[in-house]
Every structure is written in C-alpha cells, then in structure tokens.
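Working notes for the structure below.
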Amino acid sequence: MNSKQFIHELSLISFPNVFNPYRDFCGDHDHSKSPAIRRLNLQRYLDAALNHGIDSLWLGRDCGYRGGRRTGIALTDEMQLETLERHFSFGGITKATVGMPVKERTATEVWKIIHEVNAKAFLWNVFPFHPYENGNPMTNRRHTTSEFNQCKDLLFSLIEWLKPKRIIALGADAHKEVMQLGFEVSPVRHPSYGGHIEFAGTIRKLYALPR
C-alpha cells in the first residue's frame, strides 16, 4: 500500500448522514476543489510521517465538524495546519475551505501537548469521517457499530503499514474499537468536556516511559 492507494480507498466510501472529507463537498464551507485539497493534505501528511518516522499513532473517535471535516487531518483544525507542517518539516498543506479559519478545542489541546512532549505522532480516527445528526450537518454524533465495521479494515491496514511503537486512544470509544482489532492500546481521557488536564497529564506520563 502507498498513500495514494490508501486515500483512493477512503474516497470511495459513502454513508448516509456521514461527511467524507476526501469525497464530499460542503455547500456552506467548501469550494469546488476542497475534497481534492483534503486528499492532497492527507497524502502529504502520510508521506511525511513515513519519511520522518513516527513514535506513536493517536486515535480519536471520528472527525469533528470544526476539525477533520474541514482539513482532512484528524484532530487538527485549520489553526493548526502550519503547526503540523513545522512539526514534521514538510510543506504544501492548504486550507480547503472558504472564509476565516475555524478553531476546534480538541485540536488545540492535542497540538499543545504534542508540542510539549515533542511527540512524533500520526493522528487518525477509528472512524475516519464526520458522522452527524440527521438533517444537521454541523453537529457531531458517534458513529455506529455498522459504520465502524465497514471501515475497520482500513484502520487495520494503516496500523500495519505505519507500525507505530505505541497506539494511544483518546476516549473510551476509540479504545474499545482498537482493542477489538487485537492491538495493544494505551487509553487516555479525551480532552473535550473538561478532560484536557487529565488528558495532558496522562500523555506526559506515557512519554516519560521508555518506548
């Protein structure tokens, strides 16, 4: 597998009430090239991770409407795109939407601690798209078991491909689903809903341990 093949497979997937950033067009915030830009953003990120190496894979649950839905990069909002480039020493990441950049709290907390512990982490979600409530695309919902099961082979392939020394799951949902695939996982509190202090503390402890 290479990055183009992986992203091509992602771009073929479609579900009701799910926005696929690598396939779908948002009538409110996208322009005609937005899905292609998100595909290219992800390809450059994957290639940089493979070229520079990673120490871990951090897995969230699914894309949020203020973060990965817009950028194509998990746990990363538009305010953190330049931070991502600097951290992995590559360029070419492009904002994919119209209007002013949008900030997401989870992305802010994730990138703050990545910078602090100098984690060479690849960021992904166990469900790599944005599920939303029926009729309201600018909401977040938990993906269903059926939706996860139809995408889990791609997650398994990504883990086998990247070969991270450690997998860190943000939140109980992500932890449970990665465990189902048979991988050893370090669970941490998700940084949303007041969990950012516990989240950061656990990450500091994990990165103080030998890898």
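The values are calculated or read from the model by the stated rules, or taken from the named source; none is laboratory data. Given the structure is predicted, the values throughout are model-derived calculations rather than measurements. Note that we place each Cβ from the backbone using ideal geometry, even for glycine, and neighbour counts take in every protein chain shown. Accessible surface is based on the protein model in full, side chains and every heavy atom, while ligands, DNA and RNA are left aside. Shrake-Rupley method; radii C 1.70, N 1.55, O 1.52, S 1.80 Å.
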Exercise. Taking the residues in segment 12-34 that are among the aromatic types (Phe, Trp, Tyr) and more than 13 Å from residue 62 (Cβ to Cβ) as candidates, determine which candidate is least open to solvent (accessible area, probe 1.4 Å).
Key: 22
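Out of all the residues in segment 160-183, which are of a type in the set (Gly, Ala, Ser) and either in contact with a Ser or Thr (Cβ under 7 Å, 6 or more places away or on another chain) or touching a residue at least 12 places away in the same chain (Cβ under 8 Å) (or both)? Steps first, please.
Quick first cut of segment 160-183, residues of a type in the set (Gly, Ala, Ser) only: 169, 171-172, 174, 182.
If the condition is that a residue be of a type in the set (Gly, Ala, Ser) and either in contact with a Ser or Thr (Cβ under 7 Å, 6 or more places away or on another chain) or touching a residue at least 12 places away in the same chain (Cβ under 8 Å) (or both), then 169, 171, 172, 174 are the ones that fit.
Conditions (1) touching a helix residue (DSSP H, G or I) at 6+ places or on another chain (Cβ under 7 Å); (2) open to solvent by 100 Å² or more (accessible area, probe 1.4 Å), marked per residue:
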position	(1), (2)
171	no, no
174	no, no
199	yes, no
205	no, yes
Self-check item: helices (runs of 4 or more DSSP H) contained in segment 30-142 and holding at least 1 residues of a type outside the set (Lys, Arg), under 24 Å from residue 8 (Cα atoms) and touching a strand residue (DSSP E or B) at 6+ places or on another chain (Cβ under 7 Å)
Solution: 34-52, 68-71
Self-check item: Unique residue being outside any strand (DSSP E or B), open to solvent by 10 Å² or more (accessible area, probe 1.4 Å), free of Cβ contacts under 8 Å to residues at least 60 places away in the same chain and closer than 28 Å to residue 5 by Cβ when the list is 146, 157
Solution: 146
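Would you mind stating whether residue 55 is buried (at least 21 other Cβ atoms within 10 Å of the Cβ) and of a type in the set (Asp, Glu)?
Spelling it out, it is not the case that residue 55 is buried (at least 21 other Cβ atoms within 10 Å of the Cβ) and of a type in the set (Asp, Glu).
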Quiz item: In segment 1-11, how many residues are more than 23 Å from residue 143 (Cα to Cα), open to solvent by 30 Å² or more (accessible area, probe 1.4 Å) and assigned to a helix (DSSP H, G or I)?
Solution: 2
